[in-house]
Amino acid sequence: MNPIIGRELIGLLRTRRAVAVQGGLALATAALVLARWPTGGVSDLSGAAAVQVLRVLGYGLLASVVLVLPAFPATALVRERVRGTLALLLNTPLTPTAIYAGKLGGVLGYTAVLLLMTAPAAAACYTLGGSSTGGGVGLLYLAAAAAAVQITALGLYVSGRALSTDAALRITYAEVLAVCVLPLVVHYLVPRDVPVLASAANWVACISPVPAVMEAVGHGGVGIPGTDPPGGVAVRYLIVSLPLSGLLAWRTVRGLARSPLDRPRPAGVMTQDRTRRERVARRLFYLIDPQRRTGSTGGLLHPVMVKEFRTRRFGRSHWTLRLLAGAVVLSLALGCLAALGALGWGIEVVGGAMVLLQAAALLLFAPSLSAGLIAAEREGGGWNLLRMTPMSAASVLVGKLLAAAWPVVLLYAATLPGYGVMVAVQPESAHPVMRVLVCQGLTAALAVLIGAAASSVFRSTAAATAAAYLTLAAVCVAPLLVWLGRDAPFGRSTVQAALTLDPVAAALSAVGMPGFDGYDLLPANWWVIGGTCVALLALLVARTWRLTRPD
């Protein structure tokens, strides 16, 4: 057997995080089945209850694969490079293909263990009649396995090209989100009156694992009437995803075979050193040029904040401005669609899409900035230097939080133009929009504080980033899985209580998104999220004060 598989798999299974994920997933799936298990000698012969439990189980399984799995392949290769052990691996008799196969096998082996933890619940659904739906349990697990292969190949590709673990995690989660969501967006927007475009849109939608899982659990369509893909989506997904995974694997192995052991960082070119034509072109594209030489630090600026911006790669990167520009364009486009009533979706559906766009950007962007505030300093040895400065622990913490908060505030502001268009065209939507903005502001604060608190608890940046994303998934995604099982297996009171904990669900309820408009979540959600933010801030202050004390 490949020795790397054994090392990777055993190393993963021995971590407390892996054990917690396995136990939590097994308990959650078992609780779903027990909630609908026949009692009093009465059984559901139609199997409708089992199908509903299977749907919640299927979406929970997909969410686990999408949210938990990327953290492991994203750090598999870049961690070796940072520690200096990649050079040792490349100098062993193992070929680059064997090294890649070992990393891939370790992650997929752990994924197989996760799927086995859910097998008893799936078997119970099958026994109760859950196989009567479209594809049943077998097709569900086949789609989940294909999604695991696709996400693992994508994570290893990013890990082979990244220079740091936090960058690899951030890019991997962003690309996984793009793979799951963007094909569905294209499928929604392509007109159906041209047969060639409609057929191409159906194939593009099959890049995402979401339609395949929906077909397996008997939920035809992808959410909007009139855009349902034809049957055989799971087969199309296998036809599309597996060759793409193979292509990513080939590119990763090729990069390992020819990559130098010491990869220098690109020097870059400042704007002032470019030609006149290039400077004019950059002025047309950027209001604030990210590659201009910065001036001296002003007296009113916090030195720790300036230090973070000038030493953090993502803080100075031009990708920040590109992200903001993309958010502005998408927000305006969705705002115009909502205001003009295009595509016949209605303002509530398009408004819900705007909420999901803004929430996804905030939840993806904020933890990647705040999860390395303290953990990266401890990991790189810079925390001892900060402790030796005359600044107090409170001053260091304020500077760190400002460095993480300012880009999030800019991203939050970049998504506001679309709401402005809605209010300008339909003034009666002003009050719901204000409630949505409060919910999204609390979401941004929660994401920053969860990442910062994880950064103060964990010593490793990768562990802090993964913990932050998993915590946000538990807060913002898990209640939506309960909402999917409304009426069966969960009653209205249970769904109401779960959605009250979710700021994203509260924003969807405020905008009147179909399916959420019947729940009264405000202002209870504001009190819950506000209290949680205060508790996280207290934890962060206590941990920072403890870390600044003498050893």
Looking only at the stretch 412-425, decide whether some residue is modelled with pLDDT of 85 or more and either assigned by TED's automatic domain parsing to the domain that holds Pro367 or closer than 28 Å to Val68 by Cβ (or both). no
Test Leu89 against the stated conditions and say whether it is part of a helix (DSSP H, G or I), among the hydrophobic types (A, V, I, L, M, F, W, C) and within 21 Å of the chain's Cα centre (by Cα). no
Whether any residue in the stretch 378-393 is surrounded by 15 or more Cβ atoms within 10 Å (Cβ to Cβ) and either at pLDDT below 80 or under 23 Å from the mean Cα position of the chain (by Cα) (or both) is what I want to check. yes
Please tell me if Val421 is in contact (Cβ under 8 Å) with a residue 24 or more places away in the chain, within 16 Å of Glu308 (Cβ to Cβ) and not charged (D, E, K, R). no
Taking the stretch 89-103, which residues are closer than 13 Å to Ala257 by Cβ and not polar (S, T, N, Q)? Leu89, Leu90, Leu94, Pro96, Ala98, Ile99, Tyr100
Assuming Leu499 fulfils every condition listed in (1) at pLDDT below 85; (2) in contact with a Leu (Cβ under 8 Å, 6 or more places away or on another chain) apart from one, which condition is it? (1)
Being more than 21 Å from the chain's Cα centre (by Cα), closer than 24 Å to His431 by Cα and in a loop (DSSP other than H, G, I, E, B), is that true of even one residue in the stretch 504-513? yes
Test Pro367 against the stated conditions and say whether it is in contact (Cβ under 8 Å) with a residue 40 or more places away in the chain, farther than 18 Å from Val448 by Cα, touching a Gly at 6+ places or on another chain (Cβ under 7 Å) and not polar (S, T, N, Q). no
Note on the stretch 68-127: residues of a type in the set (S, T, N, Q) and surrounded by fewer than 21 Cβ atoms within 10 Å (Cβ to Cβ) are Thr85, Asn91, Thr92, Thr95, Thr97, Thr127
Do the conditions hold for Glu175, that is, is it touching a Gly at 6+ places or on another chain (Cβ under 7 Å), crowded, with 17+ Cβ neighbours inside 10 Å, part of a helix (DSSP H, G or I) and acidic (Asp, Glu)? no
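Each row is one residue, and each column tells you yes or no for (1) within 29 Å of Leu363 (Cβ to Cβ); (2) under 19 Å from the mean Cα position of the chain (by Cα); (3) aromatic (Phe, Trp, Tyr).
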{"residue": "Tyr126", "(1), (2), (3)": "no, no, yes"}
{"residue": "Ala143", "(1), (2), (3)": "yes, no, no"}
{"residue": "Thr165", "(1), (2), (3)": "yes, yes, no"}
{"residue": "Val181", "(1), (2), (3)": "yes, yes, no"}
Quick check: anything in the stretch 13-36 outside any helix (DSSP H, G or I), modelled with pLDDT under 75 and in contact with a Ser or Thr (Cβ under 8 Å, 6 or more places away or on another chain)? no
Scanning the stretch 514-546 for residues that are of a type in the set (Ser, Thr, Tyr) and assigned to a helix (DSSP H, G or I), which turns out nearest to Ala394 (Cα to Cα)? Thr544
Quick check: anything in the stretch 450-470 touching a Gly at 6+ places or on another chain (Cβ under 9 Å) and more than 30 Å from Arg546 (Cα to Cα)? no
So which residues in the stretch 492-505 are within 13 Å of Gln440 (Cβ to Cβ) and touching a Pro at 6+ places or on another chain (Cβ under 9 Å), if there are any at all? Asp502, Val504, Ala505
If I ask for residues that are hydroxyl-bearing (Ser, Thr, Tyr), under 15 Å from Leu142 (Cα atoms) and either at pLDDT below 85 or out of contact with any helix residue (DSSP H, G or I) (no Cβ under 9 Å at 6 or more places or on another chain) (or both), which ones from the stretch 88-125 would you list? Thr118
Going by what's in this entry, would Ala498 be described as assigned to a helix (DSSP H, G or I) and touching a strand residue (DSSP E or B) at 6+ places or on another chain (Cβ under 9 Å)? yes
Among the residues of the stretch 494-516, which ones are within 18 Å of Ala359 (Cα to Cα) and of a type outside the set (Gly, Ala, Ser)? Leu499, Thr500, Leu501, Asp502, Pro503, Val504, Leu508, Val511, Met513, Pro514, Phe516
Would you be able to say whether some residue in the stretch 367-381 is farther than 19 Å from Leu169 by Cβ and in the same structural domain as Ala524 (by TED's automatic domain parsing)? yes
Give me the residue from the stretch 223-256 that is among the small types (Gly, Ala, Ser) and within 22 Å of Ile151 (Cα to Cα) and, out of that set, modelled with the lowest pLDDT. Gly232
Selection count where residues are over 27 Å from Ala467 (Cβ atoms) and either free of Cβ contacts under 8 Å to residues at least 60 places away in the same chain or touching a Cys at 6+ places or on another chain (Cβ under 6 Å) (or both), scope the stretch 96-122: 0
Report whether or not Ala71 is at pLDDT 85 or above and either under 26 Å from the mean Cα position of the chain (by Cα) or within 30 Å of Val217 (Cβ to Cβ) (or both). no
Scanning the stretch 65-81 for residues that are in contact with a Leu (Cβ under 6 Å, 6 or more places away or on another chain) and of a type outside the set (A, V, I, L, M), the one nearest to Leu364 (Cα to Cα) turns out to be Pro73
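The values are calculated or read from the model by the stated rules, or taken from the named source; none is laboratory data. What you are looking at is a predicted structure, and each value in this text was computed from that prediction instead of being measured. With ideal geometry, Cβ positions are generated from the backbone for all residues, glycine too; neighbour counts draw on all protein chains shown.
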